[in-house]
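The values are calculated or read from the model by the stated rules, or taken from the named source; none is laboratory data. Given the structure is predicted, the values throughout are model-derived calculations rather than measurements. Methodologically, a virtual Cβ is constructed for each residue, glycine included, from the backbone with ideal geometry; neighbour enumeration extends over all protein chains shown.
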Amino acid sequence: MSNPLYDALFLPHAELNSPFLYLSSGEYVTYKSFLQMAGRFANVFSNLGLVIGDRLAVQIEKSEYGLAIYAACVQMGVVYLPLNTAYMPQELHYFIENSGASMLICETSKEELLQPLVGELGIRLATIDASGNGSLLEALSTAPDQFQPVNRGLNDLAAILYTSGTTGRSKGAMISHQNLISNAQNLTSLWRFTKSDVLLHTLPIFHTHGLFVATHVMLVSGGSMIFLPKFDLDSIFKHLPQATSMMGVPTFYTRLLTDDRLTKSNTRHMRLFISGSAPLLDETHRMFAKQTGHMILERYGMTETNMNTSNPYEGERRPGTVGFPLPDVELKITDTATGDSVPDGEIGQIEVRGPNVFQGYWDMPEKTREELRQDGFFITGDLGRKDEEGYIYIAGRNKDLIISGGYNIYPKEIEKLLDEQAGVAESAVVGIFHPDFGESPVGFLVAKPGAILDTKELNNVIVNHFARFKHPQRLLIIKELPRNSMGKVQKKVLREKYGDLFK
Ligand code: MLC
Ligand code: AMP
């Protein structure tokens, strides 16, 4: 019997009594007790009827329980489907329906709100909070703490992570055991993680960065994590002395730079700061180095591929670049029209191939064919170039995507709703430079002839539909949207014209 992901991440630690998670309460969870908790979850889910291949949707606040539910899914061959805690019921409806999840786990505080949704979709609802309370509590307390991991193959699915789609419909990226193992092992050795490492973990665990990159590297190395509910400057500085390393999105680093406690002496003991999920400004990189003496190590990845490139651990961590392709990742820069490789130094679309590349989009064979070539190269939708030394630069995006504080926002989804409102002729949602979030969405609206638009009312409509992080920070009424000769809306023109809006 083998279960490749379980065997790579969890099995080696089954009897380990050393700390895995240091919690904000001051307590810690050992590897052994974490895996016992995972075993209990697996037994409870199994009793509830979950079997190999089922999808389990989970929308709960970050805690050791969330992570143990993931480990339980791996053991059971159940496909883990984590969901951003900010999603509204309308947004959840789509993910659950599209994935065909058979059960949803949520916070007890959301049970009433989500009851109609699960009723309509005919699926089971269970609850658990970060405190451990919830409908699963009783069953957990009596469940056996051992569960025999089921047999799985390398190409079997471990998780589905939804990533927003250019047409407004999110796509479920199917992630296999092999995808996760290759990245976890590569990154651990590339970034020199060992069992002596203590990672300051303040990322959410419903995305690739916090769930896979950070957690898997620590599991492979056998190190431990200071596992905090969210990024917060006071708790960062409280726990920093115990940490050796940190991973974060660029907003973490720009926020750290605003704090007087970020000094060379407070960070002298740190081994490594890593950034990714969105572009790290050169300026942030340089300021951080000046203030702490540490060069941030920037890497580049995405939900569909896990990590693709990384700056070197030893050697120059070059600001403004995302380093080199990982050892088993092939990366080429191609012409967007022909798909042929362009010469070094020229900008083209980034394509990647390797064991890290996902298995396709759940139930969307056409979308999969559009983005995943027959020869295995995945068209990332990012634009980049390679310099003469092989460093990769991200030059922009060929996809209409806004990344705000590391969260993805697809403008189409918001534009669709705005366009449906009375009096709106058309709209464009554009990512404008924001000093804290990197980019923030701004909605530009054109009124129908004679109509008077009430931006407050329109904003209310948005607030009722979408997770908070997607809300445009401004709604601006303009006479017309700028278009090129083909009639295509030129968001670049709006981005440049309104570039100072948040400065
Ligand atoms: C929170 N808000 C955001 C936001 N996060 N708005 C826009 N963009 C965001 N990213 C909302 C809050 O709900 C709040 O609303 C208001 O903005 C201000 O909140 P805040 O207190 O300043 O925000 P905070 O809670 O501190 O969150 C900011 C953050 C968080 C940067 C810490 O967004 C975060 O942890 N981001 C990490 C995302 C991530 O892990 N991405 C990885 C994706 S994987 P109100 O109404 O209360 O004022 C991936 C692949 C790869 O991309 O390569 O890694
Ligand atoms: P997601 O779909 O949430 O996985 O986001 C993936 C996208 O984040 C990529 O396609 C890139 O556009 C962006 N991204 C990730 N890391 C970096 C980075 N280091 N620099 C620039 N963009 C990045």
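Contact list please: Cβ distance under 6 Å, first residue in the range 488-503 and exposed (fewer than 12 other Cβ atoms within 10 Å of the Cβ), second residue outside any loop (DSSP other than H, G, I, E, B) and aromatic (Phe, Trp, Tyr), pairs at least six apart or on different chains.
Gly499/Phe433
For the subset of the range 266-318 comprising residues that are free of Cβ contacts under 8 Å to residues at least 60 places away in the same chain and on the phi > 0 side of the Ramachandran plot, which member is farthest from ligand 2 (Cβ to nearest atom)?
In this case the residue turns out to be Gly293.
Scan (1) in contact with a strand residue (DSSP E or B) (Cβ under 6 Å, 6 or more places away or on another chain); (2) of a type in the set (Lys, Arg); (3) over 22 Å from Arg483 (Cα atoms) for the single condition Lys456 breaks and write down its number.
(1)
Going by the structure shown, is Leu154 surrounded by fewer than 19 Cβ atoms within 10 Å (Cβ to Cβ) and either assigned to a strand (DSSP E or B) or more than 16 Å from ligand 2 (Cβ to nearest atom) (or both)?
So Leu154 passes the test.
Would you check if Ile432 is within 16 Å of ligand 2 (Cβ to nearest atom), out of contact with any Cys (no Cβ under 9 Å at 6 or more places or on another chain) and among the β-branched types (Val, Ile, Thr)?
No: the conditions fail for Ile432.
Kindly provide the set of residues from the range 45-64 that are crowded, with 23+ Cβ neighbours inside 10 Å and either of a type in the set (Asp, Glu) or part of a helix (DSSP H, G or I) (or both), ordered by number.
Selection gives Phe45 alone.
Among the residues of the range 425-452, write down those that are crowded, with 20+ Cβ neighbours inside 10 Å and either on the phi > 0 side of the Ramachandran plot or away from ligand 1 (no atom under 16 Å from the Cβ) (or both).
Ser427, Ala428, Gly438, Phe444, Leu445
Restricting to the range 72-89, give me the number of residues that are farther than 10 Å from Pro149 by Cα and in a helix (DSSP H, G or I).
Let us first name the residues in the range 72-89 that are farther than 10 Å from Pro149 by Cα, namely 78-89.
Retained after the next criterion (residues that are in a helix (DSSP H, G or I)): 89.
Number of matching residues: 1.
Please specify each residue of the range 397-416 satisfying the condition of being more than 9 Å from ligand 1 (Cβ to nearest atom) and touching a helix residue (DSSP H, G or I) at 6+ places or on another chain (Cβ under 6 Å).
Asp400
Being over 24 Å from Lys386 (Cα atoms) and of a type in the set (Ser, Thr, Tyr) is the filter here; which residues of the range 284-309 pass it?
Result: Thr292, single match.
Quick check: anything in the range 245-258 more than 15 Å from ligand 2 (Cβ to nearest atom), within 27 Å of Leu9 (Cβ to Cβ) and either at pLDDT below 95 or in contact with a strand residue (DSSP E or B) (Cβ under 6 Å, 6 or more places away or on another chain) (or both)?
There is at least one residue in the range 245-258 that is more than 15 Å from ligand 2 (Cβ to nearest atom), within 27 Å of Leu9 (Cβ to Cβ) and either at pLDDT below 95 or in contact with a strand residue (DSSP E or B) (Cβ under 6 Å, 6 or more places away or on another chain) (or both).
From Ile350, Ile333, Ile296, grab the single residue that is within 16 Å of ligand 1 (Cβ to nearest atom) and farther than 21 Å from Phe193 by Cα.
Just a single option satisfies the conditions, and that option is Ile350.
Taking the condition of being among the hydroxyl-bearing types (Ser, Thr, Tyr) and closer than 20 Å to Arg192 by Cβ, how many residues in the range 276-293 meet it?
1
Among (1) surrounded by fewer than 19 Cβ atoms within 10 Å (Cβ to Cβ); (2) within 16 Å of ligand 2 (Cβ to nearest atom); (3) over 23 Å from the mean Cα position of the chain (by Cα), which single condition is Gly348 missing?
It fails just one condition, (1).
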